[in-house]
Amino acid sequence: MDKIAILCSGGDVSGMNPAIKRFVEYSFAKGMQPFFVYNGYEGLIDNNIREAHYEDVAGIMTRGGTKIRSARSIRFKDATYRAIAAKNLQDKGITKLIVLGGDGSFRGMERFYHESGISFCGIPSTIDNDINGTDYCLGVDTALNIIKNAIDSIRDTASSFRRAFVIETMGRDCGYLALVSAITSGAEVCLIPEIPIDITQYKGCFESQIRKGRDYFIAVVSEGLKNANEVAQWFEEELGFESRVSILGHLQRGGNPSVYDRLMAYKFVTHAIDALLEGKNNSVICYSKSHFNFKSIDEVALNPYRLDEELLNLGREQFAPSHCQM
Ligand code: ADP
């Protein structure tokens, strides 16, 4: 009987548990024995690898995070430890591995494949949505819905108290979460690395809006810019608006997986297992232009992710200070 394992590496996302559930069910359906590797690459090195059964995945569909936990592993960057990891898998007869993670994790897996011959398929999983070659990474939709709920709630209190709220979203150097959230929540300001805007250019327009009765502002800023406090200070000092900063932080990573993430988890895992069975040895399953396709590690990890130009143009148009409605 073929043996296949799954692990989560790097930051966890909501959608990993639905993926794990599908992995167990589909592996059995394809006549394979599934295994869990706990704690990412650390678990591979420490031989924290156990057989998976149907009952392990009962009831996990609704849970954020990952039942098999995730980790970053400094040791896995060292070939000596990767050799130990390979031996642990080989001793159990495991020849195939599915890795839920980001481009760093895939880079590590590629080395591992060349050294050990153990096949793998990567599933892009990060709320930052910053992996080159795929339009969608597992966890993004749930994160966007959490941000939407947070901004909607903040808007209620902002308008009751006549305040400016500066909301910082995650995304490292990628402005995807901030841009989509700003557009879909009707924010007045969106500051992301990909669209440089000088906030002082809004001054005349916002003063005019305040004179006409505007009683709150919502500004969404991406964590990569590290300027949330500065922006709040600008609202206080230049517009005389009491301001608050709200850093959404890790709550964006958790929560009940959205319908879309559950479905995408199922599709990603199904394609990944099919690919391994067809003999694809070291690829990443990507989703672009509404289709699934396989890419090499170089295609996803060598080049930095660039935000979709159509989305960027929407943002440039919507948030240009010159388009601000007086
Ligand atoms: P992500 O997968 O989200 O990009 P990281 O970049 O933190 O996250 O990588 C996750 C893990 O992948 C690291 O902790 C390390 O164990 C492994 N890894 C990353 N890059 C390499 C590499 N060049 N060689 C070996 N392992 C790597």
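No value in this document is a laboratory result; all are computed from the given coordinates. Predicted model, so just to flag it, every value in this text is computed and none were measured. Because the Cβ atoms are built from the backbone with ideal geometry, glycine has one as well, and the counts that use them run over all protein chains shown.
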**Message:** Are there any trypsin sites (Lys or Arg not before Pro) in segment 241-326 that are in a DSSP loop and have at most 10 other Cβ atoms within 10 Å? List them by number.
**Reply:** Lys289
**Fill in**
Under the Karplus relation with 6.51, -1.76 and 1.60 and θ = phi - 60°, whole-Hz ³J(HN,Hα) for segment 219-230, x at Gly and Pro, equal 10, 9, 10, 8, 4, x, 7, 6, 10, 4, 5, 4
**Cα centroid separation - segment 178-198 against segment 249-293, whole Å** = 27 Å
**Message:** What are the equivalent ellipsoid semi-axes of segment 105-145, built from the alpha-carbon gyration tensor (square roots of five times its eigenvalues), in whole angstrom, biggest first?
**Reply:** 26, 9, 7
**Fill in**
About its Cα centre, the chain carries a charge dipole, from +1 on Lys and Arg Cβ atoms and -1 on Asp and Glu Cβ atoms, whose size in debye to the nearest 20 is 780 debye
**Message:** Can you compute the radius of gyration and Dmax for segment 213-300, using only the Cα atoms, both in Å?
**Reply:** 21.4, 64
**Fill in**
Given the candidates Gln325, Ala58, Ser160, the one whose Cα lies deepest towards the positive end of the charge dipole of the chain, counting +1 at each Lys or Arg C-beta and -1 at each Asp or Glu C-beta, is Ala58
**Item:** segment 142-253 - Rg (one decimal) and Dmax (whole number), Cα, Å
**Value:** 13.0, 39
**Request:** Give, in nm to one decimal, the length gained when the segment between Ser208 and Asp91 is fully stretched (0.36 nm per residue of separation minus the Cα-Cα distance).
**Result:** 35.0 nm
**Prompt:** What relative contact order, as a whole-number percentage, does segment 161-318 give when Cα pairs under 8 Å and 6 or more residues apart are counted?
**Reply:** 29 percent
**Prompt:** Just how large is the dipole of segment 142-253 about the Cα centre, in debye to the nearest 20, putting +1 at every Lys and Arg Cβ and -1 at every Asp and Glu Cβ?
**Reply:** 300 debye
**Asked** So for segment 173-326, taking the charge dipole from beta-carbon charges (+1 Lys/Arg, -1 Asp/Glu), which of Ile285, Val231, Ile210 sits furthest toward the positive end?
**Response** Ile285
**Request:** Please determine, in degrees from 0 to 90 and to the nearest 10, the orientation of helix 103-116 with respect to the longest principal axis defined by the Cα atoms of the chain, where the helix direction is its Cα long axis.
**Result:** 10 degrees
**Asked** What spacing in nm lies between the two simple spin-label points modelled at Asp156 and Asp298, each 7 Å away from Cα in the Cβ direction?
**Response** 5.3 nm
**Asked** Which part of segment 118-158 falls in the paramagnetic zone of Ser290, meaning amide N under 16 Å from the point 7 Å along Cα-to-beta-carbon?
**Response** 135-136
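Please give the direction-averaged projected area of the C-alpha convex hull for segment 1-66, in square nanometres with one decimal.
4.3 nm²
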**Message:** To make sure I understand the rule: partners must be lysines, Cα under 23 Å from the Cα of Lys203, and not fewer than 8 residues away in the same chain. Which ones qualify?
**Reply:** Lys212, Lys226
**Prompt:** Which Cα, out of Pro18, Leu97, Ile118, lies furthest along the positive dipole direction of segment 17-125 (beta carbon charges, K/R +1, D/E -1)?
**Reply:** Pro18
**Asked** Mind checking the dipole of segment 70-171: about its Cα centre, +1 per Lys or Arg Cβ, -1 per Asp or Glu Cβ, Debye to the nearest 20?
**Response** 340 debye
**Message:** From the mean inverse distance of alpha carbon pairs (Kirkwood) and the Cα radius of gyration, derive Rg over Rh for the chain.
**Reply:** 1.06
**Item:** Spin-label zone in segment 35-68 - amide nitrogen under 11 Å from a point set 7 Å from the Cα of Phe28 along the C-beta vector
**Value:** 52-58
**Request:** Using only C-alpha positions, report the orientation-averaged shadow area of the convex hull of segment 75-233, nm², one decimal.
**Result:** 11.9 nm²
**Request:** Once you've got the GNM for the chain with C-alpha springs shorter than 10 Å, pick whichever of Ser185, Ser160, Ser125 has the biggest mean-square fluctuation.
**Result:** Ser160
